[in-house]
Amino acid sequence: MTIAILGGGLAGLSAAYYLKREGGIEKNQSIQIIEASNQTGGWIQSWKDQNTNVISELGPRTIRGRGKSANNTYSLIKDLGIENLVRNVGIDASSRYIFANGKIHKLPMSVLKALFTVNQPFTKPWIYYVLRECFSSHNSKSSSPDVQNNDESAYDFFCRTYGHEFADYLISPLLCGVCGGNSKQMSVKFMFGALYEAERKHGTVGLGLLKEQLSSIWNREKVKDTKGTNIVKPPPSVYYLDGGLQRLIHALDINNESQGIHTNLNTQCTELHFHENGKGARIVFSNGKQLECSHVISALPAHNLASLFCVKSQHSPLTQLLKSIPMVSIATVNLTYDDPKVMGPYKGFGVLSSPLEKLSLLGIIFNNYIYGHSDRVDLTVMMGGYGFKEHFVKNSKCLSEEKIADIAVGHVKRVLNIQSTPNTYSTQILNDCIPQYTVGHYERVTKIQEYINVRRLPLTLVGSSYAGISINDVIFASMTAMRKLCK
């Protein structure tokens, strides 16, 4: 029998990798990856301009190197033999900016400076917000109605604990940049789990984090430098892959093929039927062919998986739960300028826009500083997100790529004061590309999993719809799910 993996993006490819590595395949079983498009990788696509040698990314461009899931990603990169492609982001890419109140503001790099000096757009030093949280959060916790339901929006949480400025000028732009999300809808329990748990357990965020840190230090085993001990080199704090992140996809493709895992491209699934008592499933394809399989691993977005169940399916509760995880679309425009002086004084990773500006802009990424190029300016303008339809859909039709590029150039002129015309540009529309972890997300995912478990459906869910959007999150979730499946 076949184990079918629906979706050949990063989640599906890494699921296949870990399923084979964990030894979850019997001798008479095979693994098949089913991908509707003509290539694997999903939103991870990289390409090089042959004239400028500029690497452009359709989706993510960097990987964070700190934390448990980050260490897992780095281990995968080493196991795939592409550790030599790892590159630190450029030395000038450390600064971050916020566009608020019609101006661009550099976020402080020093904790002490942030705590004890006023840094616009904030009107008070950050120590004020810290002390405010310590003395007021516990008393005002019960005043938020959503808290009683075990979750609340990120905006409400940070307004309640640190104040409106913190929510408007830091958290809201951050969520726009990370997932194109509206902070007034996003779940604090999911997006800022450590802070949520710190307040829940200890009454205040600051005290909770301090206690957790002290407990971690107290319980940490001392690492002795003994002779013969292998010292594992940690990954860079933020890095990219030479040639683009699609090199990771190619490495997974090559490894999976060498392990006998077959990838079916241009293969569109139209229906998914589960047999009684969890005894396998049947997949129907757009060409009329069918595939019987012992287990299905879905790496599809939740709403795409929901569309595979028949209208009269007995699994309509599952369908509704899957459809309740919303998605947003992003418009990205890559702009290049041959004159590096047009950037003026701005050096860093990029700038995020406060939603208070009421722009279609989410943020601008300074690719030339990320990749360490000094001979030109290479920008990616991200727009849309939760406001995509409002800004880019007119009369049920999306604006043209040329019009979207004009809007992006206008944002660059307004935010960075670059008045010259870009030498090259390219526009991409990423429809329904980012799931939104809105208030109650944990509970929705729990209900989905309970439904699958109670009915013993031969179905495992992986992908960004459920456990996180970052590359680290997606790979780690696939690994965890495959280990559980193999047991």
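The values are calculated or read from the model by the stated rules, or taken from the named source; none is laboratory data. Computed from a predicted structure; not experimentally measured. Every residue, glycine as well, gets a Cβ built from its backbone with ideal geometry; the counts of neighbours run over all protein chains shown. Side chains are part of the model used for accessible areas, which takes the heavy atoms of the whole protein and leaves out ligands, DNA and RNA. Shrake-Rupley method; radii C 1.70, N 1.55, O 1.52, S 1.80 Å.
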Problem set entry | Condition check for residue 14: of a type in the set (Ser, Thr, Tyr) and open to solvent by less than 40 Å² (accessible area, probe 1.4 Å) | yes
Exercise. (1) farther than 26 Å from residue 156 by Cβ; (2) buried (at least 19 other Cβ atoms within 10 Å of the Cβ); (3) touching a Phe, Trp or Tyr at 6+ places or on another chain (Cβ under 7 Å): which one isn't true of residue 445, the others all being true?
Worked result: (1)
For this session: For the stretch 270-294, enumerate the residues that are assigned to a loop (DSSP other than H, G, I, E, B), open to solvent by less than 60 Å² (accessible area, probe 1.4 Å) and either free of Cβ contacts under 8 Å to residues at least 40 places away in the same chain or under 16 Å from residue 305 (Cβ atoms) (or both).
Result: 288
Exercise. Out of (1) farther than 18 Å from residue 348 by Cβ; (2) in contact with a strand residue (DSSP E or B) (Cβ under 6 Å, 6 or more places away or on another chain); (3) part of a helix (DSSP H, G or I); (4) not hydroxyl-bearing (Ser, Thr, Tyr), what's the single condition that is false for residue 430?
Worked result: (3)
For this session: Quick one: which residue in 101, 119 is surrounded by 15 or more Cβ atoms within 10 Å (Cβ to Cβ), farther than 23 Å from residue 188 by Cα and either modelled with pLDDT under 85 or not hydrophobic (A, V, I, L, M, F, W, C) (or both)?
Result: 119
Problem set entry | Matching residues, the stretch 345-370, being within 13 Å of residue 416 (Cα to Cα), surrounded by fewer than 24 Cβ atoms within 10 Å (Cβ to Cβ) and in contact with a helix residue (DSSP H, G or I) (Cβ under 7 Å, 6 or more places away or on another chain) | 346, 347, 348
Seminar exercise, completed: Scanning the stretch 372-406 for residues that are more than 23 Å from residue 436 (Cβ to Cβ) and in a helix (DSSP H, G or I) gives 401, 402, 403, 405, 406
Exercise. Do we find a residue being open to solvent by less than 10 Å² (accessible area, probe 1.4 Å) and more than 25 Å from the chain's Cα centre (by Cα) anywhere in the stretch 322-336?
Worked result: no
Exercise. Just for the stretch 55-97: of the residues that are more than 18 Å from residue 18 (Cβ to Cβ) and in a helix (DSSP H, G or I), which one is most open to solvent (accessible area, probe 1.4 Å)?
Worked result: 91
Exercise. Is there a residue being assigned to a loop (DSSP other than H, G, I, E, B) and under 30 Å from residue 67 (Cα atoms) anywhere in the stretch 247-259?
Worked result: yes
